[in-house]
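To keep things clear, I will list the structure first and then write my remarks on it.
The values are calculated or read from the model by the stated rules, or taken from the named source; none is laboratory data. What you see is a predicted model, and the numbers here were worked out from it, not measured in a lab. Every residue, glycine as well, gets a Cβ built from its backbone with ideal geometry; the counts of neighbours run over all protein chains shown. Calculation scope for accessible area: heavy atoms of the full protein, side chains included, ligands and nucleic acids excluded. Shrake-Rupley method; radii C 1.70, N 1.55, O 1.52, S 1.80 Å.
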Amino acid sequence: WQPDFRFLYNRKRHLLHIGWRVAEQQLDDGLYDLMASESRLTSLLAIAKGDVPVRHWAALGRPYYVVGALAALRSWSGSMFEYLMPGLVLAEPPGSALHEACRAALREQVNHGREHGVPWGLSESAYAVRDASLAYQYAPQGVPRLALRRTPPGELVVAPYATALAAMLAPRLALATFGALAELGARGAYGCIEALDFSPARVPAGERCVRVETYMAHHLGMSIVALTNVLHGGVARRWGMADPHVEAVASLLHERAP
């Protein structure tokens, strides 16, 4: 409870700035303005702490559209991370707008994978380009139908941690996808590697994909927590929701889709 989010709060827009630019000593001009964003976890905690008012939650954008019989929410990049990361520690109940949006996002991800003949699971990750120091480059990746900011055409990078996050919604589907990823070489010495890059411009002739052979602690950490939730009845969610401050604002997570 030590972080104080008040300095990031824009009182005119009732939104949180993306961050503070240390070199310039000023707030970033960008704002987290969507409900379908990883930042909703920060929003809920900031409200629970009393750093920002409850009206901040109402100010988050909700650009709805329909996926079958589900009400989907668009996100910035259409990544699994934006939809599913908060659900590691927050209970977004079945029937709520957020739970339904996550199910719709998973359906769009699966359909996108089938359309391109690759395993589903797009989320921000490293991809098969390195800089002068041989470090892999990192970028948002997502499904265009979900996104307000479209992934450039020709980019197709599948991140196994996205499948791990989705296991909380569809464990059997995720298990089958882990098998498909393993067959393509996604398993490494320390678990799943960062990504498989299917982008045509970067795949050598005769190969299906390029292995992005690095590991990111936050992606592996999210995977471990997600699979722990699957195997132990949502235990990390219970821990996250047990704090009385969070309990006091939990009703915000019960919002229904229109």
Would you pick out the residues in segment 43-59 that are in a loop (DSSP other than H, G, I, E, B) and buried (at least 17 other Cβ atoms within 10 Å of the Cβ)? Asp51, Val52
Out of (1) closer than 27 Å to Gly233 by Cβ; (2) in contact with a Leu (Cβ under 7 Å, 6 or more places away or on another chain); (3) buried (at least 16 other Cβ atoms within 10 Å of the Cβ), the one Gly191 does not meet is (3)
Quick one: how many residues across segment 226-258 are in contact (Cβ under 8 Å) with a residue 60 or more places away in the chain and open to solvent by less than 50 Å² (accessible area, probe 1.4 Å)? 13
Which is over 18 Å from Arg237 (Cα atoms) and either touching a His at 6+ places or on another chain (Cβ under 7 Å) or surrounded by 14 or more Cβ atoms within 10 Å (Cβ to Cβ) (or both), of Pro93, Pro160? Pro160
Can you spot a residue in segment 30-40 that is out of contact with any Lys or Arg (no Cβ under 9 Å at 6 or more places or on another chain), touching a residue at least 24 places away in the same chain (Cβ under 8 Å) and not polar (S, T, N, Q)? yes
Residue satisfying all of: in segment 135-145; of a type outside the set (Gly, Ala, Ser) and in a strand (DSSP E or B); most open to solvent (accessible area, probe 1.4 Å) among these: Tyr138
Is it the case that Leu148 is open to solvent by 20 Å² or more (accessible area, probe 1.4 Å), touching a Lys or Arg at 6+ places or on another chain (Cβ under 7 Å) and over 18 Å from Ala170 (Cβ atoms)? yes
Kindly indicate whether Ala36 is over 18 Å from Ala248 (Cβ atoms), open to solvent by less than 40 Å² (accessible area, probe 1.4 Å) and either in a loop (DSSP other than H, G, I, E, B) or in contact with an Asp or Glu (Cβ under 8 Å, 6 or more places away or on another chain) (or both). yes
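Results for (1) polar (S, T, N, Q); (2) in contact with a Cys (Cβ under 6 Å, 6 or more places away or on another chain); (3) assigned to a helix (DSSP H, G or I), shown as yes or no for each residue.
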| site | (1), (2), (3) |
| --- | --- |
| Lys12 | no, no, no |
| Leu16 | no, no, no |
| Leu41 | no, no, yes |
| Val66 | no, no, no |
| Ser77 | yes, no, no |
| Ala104 | no, no, yes |
| Arg107 | no, no, yes |
| His112 | no, no, yes |
Which condition number does Glu194 fail, the rest of (1) out of contact with any helix residue (DSSP H, G or I) (no Cβ under 9 Å at 6 or more places or on another chain); (2) under 18 Å from Met80 (Cα atoms) being met? (1)
